[in-house]
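Below is one structure; the comments refer to it alone.
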Amino acid sequence: MFIQTETTPNPATLKFLPGRVVMETGNADFRSADDAIVSPLATRLFAVPGVEGVLFGYDFVAVTRGELEWQHLKPAILGAIMEHFLSGAPVMADGASPAIDPDSDEEFFDAGDETIVATIKQLLETRVRPAVAQDGGDITFRGYREGTVFLNMKGACSGCPSSTATLKHGVQNLLHHFVPEVREVEAV
């Protein structure tokens, strides 16, 4: 089994491409070993000292490190991913939902803004999320209030030095272009 690695704009996150589907639909974001109990693969990755975050996308695993350098972590992470897929174990435990983040379903917006929110979500799904996934991250809609869109940043996007530029110059400009009511984009 050959696993490719790619750097991301976030120096603390690497993207691992195992050459197969990781998550058929959606994604799963794990911020601690306690969150990872619903995933045999995430549990295996958090067993590697220095791993602080794991995000599963369609065909990638993004791993965020703490203080240890990649040259010390990368071989153990590659081994954990390879062992997992060669074992035939599922990525998620039976019956476990890929929606790991309990806050991800708590959207907020006024009922009168449903049309605006639908357009924002459609733009995020078709134009923003595919581009961000290429960098090992994900951005999801959390809410809309008085011209401000609130987004949840995951994986390589969470804590990335260039995430502010992505939000302000990329996502905010795109959304404002198609939805003039959008004045600002904020990360939650």
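At-a-glance table
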{"read-out": "Pairs, first in contact (Cβ under 8 Å) with a residue 60 or more places away in the chain and surrounded by 22 or more Cβ atoms within 10 Å (Cβ to Cβ) in the stretch 113-140, second β-branched (Val, Ile, Thr) and in a helix (DSSP H, G or I), C-beta under 7 Å, six or more apart", "value": "ASP138/VAL132"}
{"read-out": "Boolean, THR148 is open to solvent by 80 Å² or more (accessible area, probe 1.4 Å), out of contact with any helix residue (DSSP H, G or I) (no Cβ under 9 Å at 6 or more places or on another chain) and over 23 Å from GLY26 (Cα atoms)", "value": "no"}
{"read-out": "Verdict on MET82 being of a type outside the set (Gly, Ala, Ser), surrounded by fewer than 16 Cβ atoms within 10 Å (Cβ to Cβ) and not in a helix (DSSP H, G or I)", "value": "no"}
{"read-out": "Residues of the stretch 65-79 satisfying the condition of being in a helix (DSSP H, G or I) and small (Gly, Ala, Ser)", "value": "ALA76, GLY79"}
{"read-out": "Any hit, the stretch 94-106, residues being modelled with pLDDT under 90, of a type in the set (A, V, I, L, M, F, W, C) and buried (at least 17 other Cβ atoms within 10 Å of the Cβ)", "value": "yes"}
{"read-out": "Of residues in the stretch 151-188 being in contact with a Gly (Cβ under 9 Å, 6 or more places away or on another chain), more than 27 Å from GLY66 (Cβ to Cβ) and open to solvent by 40 Å² or more (accessible area, probe 1.4 Å), the one modelled with the highest pLDDT", "value": "GLU181"}
{"read-out": "Residue among ARG65, ARG44 that is charged (D, E, K, R), closer than 18 Å to SER158 by Cα, surrounded by 14 or more Cβ atoms within 10 Å (Cβ to Cβ) and touching an Asp or Glu at 6+ places or on another chain (Cβ under 8 Å)", "value": "ARG65"}
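Conditions tested, residue by residue: (1) touching a residue at least 40 places away in the same chain (Cβ under 8 Å); (2) assigned to a loop (DSSP other than H, G, I, E, B); (3) open to solvent by less than 10 Å² (accessible area, probe 1.4 Å); (4) within 18 Å of ARG65 (Cβ to Cβ).
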| site | (1), (2), (3), (4) |
| --- | --- |
| MET1 | yes, yes, no, no |
| THR5 | yes, no, no, yes |
| PHE16 | yes, no, yes, yes |
| ARG20 | yes, yes, no, no |
| ALA33 | no, yes, no, yes |
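The values are calculated or read from the model by the stated rules, or taken from the named source; none is laboratory data. Keep in mind that what you see is a predicted model, and the values were worked out from it rather than measured. In this analysis, Cβ positions are derived from the backbone assuming ideal geometry, glycine residues included, and neighbour counts consider all displayed protein chains. The protein model used for the area step is the full one, side chains on, heavy atoms only, and it has no ligands, DNA or RNA in it. Shrake-Rupley method; radii C 1.70, N 1.55, O 1.52, S 1.80 Å.
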